[in-house]
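What follows is one structure encoded as structure tokens, with my remarks underneath.
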Amino acid sequence: MDGIIVVDKPSGITSAEVVRRIKAEVKPARVGHLGTLDPFATGVLPIMVGEATKLAPMLEGGEKVYDGVIKLGVETDTLDRDGKIVRKAPVPEIDSDKLAAVTKQFTGKIEQVPPVFSAIKRAGVRMYTLARKGDSDSLEPPPMRSVEIKHLAMELTSADTIHFVATCSPGTYARSLARDVGVAMGTVGHLMELRRTRSGHFAIADSISLEDALSIDDGDDRLIGLRDAIGDLAELNVDAEAQQLLRNGDPRALEGRVPAGTEMFKVVHDGQLIAVAKATSRVTAIIVRVFNQS
């Protein structure tokens, strides 16, 4: 089986556990995922199966859309509802002007400190592993990073609860956003609910339950093929002789056939993705990936 399954991840399990369960059903195919979701979070989790794992570098940079709830007045060590309470603070009255000002403050390019409980490595060790071994407050936080929240809408749904929808760049932490919004509101906060509704061009409308994903087999129309997974790339169709050269790593089959006005493009034979290539001039290209679908 080769393709992408867009899973609507349920709450209560890790993204790695979703991969493990699907891998058990499709052995010996390789399986991976795009964009980790925290255990309590739900929503779009693209799962790459077989040759689709080679597409990861081309797909992992897409923007994300999150729908979530921030709880004000309480901060946890993990910055979400699963963590241990570390701080409490009164919640001031928040009017529409204050809400609008804070929304504007976090829209656009911002600086963000990732959570201590994160997959970022320090001396080769995931920070969440270090945090679980001791007092997370004693750990030096990860370095600040630049992220972009392209669109942010916030609505006060109760005196201490904010519903938000955010479209953001890869690498943005919704948990950090919840913490920082709490501070900007004059209190503290944590992420109470989170649902990812889009990851790159994979949307919640494309997703299926984990239970359904475990029953998918090759040829199922819910399995997104490799060619369709990178549908935004220009396409070059080649004959059988050219596709054999490409499978052998020989880029001469592309000479003089580079699609105009593009850098990366996909090469297809008989409806099947053969390779992804990168133009080095108007007439030449190098092979980036070769795909050997069954």
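Among the residues of segment 43-67, those that are open to solvent by 30 Å² or more (accessible area, probe 1.4 Å) and outside any helix (DSSP H, G or I) comprise 60, 61, 63, 67. Checked against the criteria, residue 191 counts as touching a residue at least 24 places away in the same chain (Cβ under 8 Å), closer than 29 Å to residue 57 by Cβ and assigned to a strand (DSSP E or B). Return a yes/no flag: does segment 76-85 have any residue that is in contact (Cβ under 8 Å) with a residue 60 or more places away in the chain, exposed (fewer than 15 other Cβ atoms within 10 Å of the Cβ) and either out of contact with any Cys (no Cβ under 8 Å at 6 or more places or on another chain) or in a loop (DSSP other than H, G, I, E, B) (or both). There is no residue in segment 76-85 that is in contact (Cβ under 8 Å) with a residue 60 or more places away in the chain, exposed (fewer than 15 other Cβ atoms within 10 Å of the Cβ) and either out of contact with any Cys (no Cβ under 8 Å at 6 or more places or on another chain) or in a loop (DSSP other than H, G, I, E, B) (or both). In segment 224-294, counting only strands (runs of 3 or more DSSP E) that sit wholly within it, the ones holding 3 or more residues that are touching a Phe, Trp or Tyr at 6+ places or on another chain (Cβ under 9 Å) and buried (at least 18 other Cβ atoms within 10 Å of the Cβ) span 272-279. For segment 24-34, the set of residues classified as open to solvent by less than 30 Å² (accessible area, probe 1.4 Å) and either touching a Pro at 6+ places or on another chain (Cβ under 8 Å) or not in a strand (DSSP E or B) (or both) consists of 26, 29, 34, listed by residue number.
Can you work out which of the residues in segment 3-12 that are in contact with a helix residue (DSSP H, G or I) (Cβ under 9 Å, 6 or more places away or on another chain) and open to solvent by 30 Å² or more (accessible area, probe 1.4 Å) is farthest from residue 83 (Cα to Cα)? Among those that are in contact with a helix residue (DSSP H, G or I) (Cβ under 9 Å, 6 or more places away or on another chain) and open to solvent by 30 Å² or more (accessible area, probe 1.4 Å), it is 8. Just name the residue that is least open to solvent (accessible area, probe 1.4 Å) out of those in segment 97-116 that are touching a helix residue (DSSP H, G or I) at 6+ places or on another chain (Cβ under 9 Å) and assigned to a strand (DSSP E or B). Selected residue: 112.
The values are calculated or read from the model by the stated rules, or taken from the named source; none is laboratory data. Please read all numbers here as calculations on a predicted model, not as lab measurements. Neighbour counts are summed over all protein chains in view; Cβ atoms, including those assigned to glycine, are modelled from backbone coordinates with ideal geometry. Just so you know, the surface numbers come from the protein's heavy atoms only, side chains and all, with ligands and any DNA or RNA stripped out. Shrake-Rupley method; radii C 1.70, N 1.55, O 1.52, S 1.80 Å.
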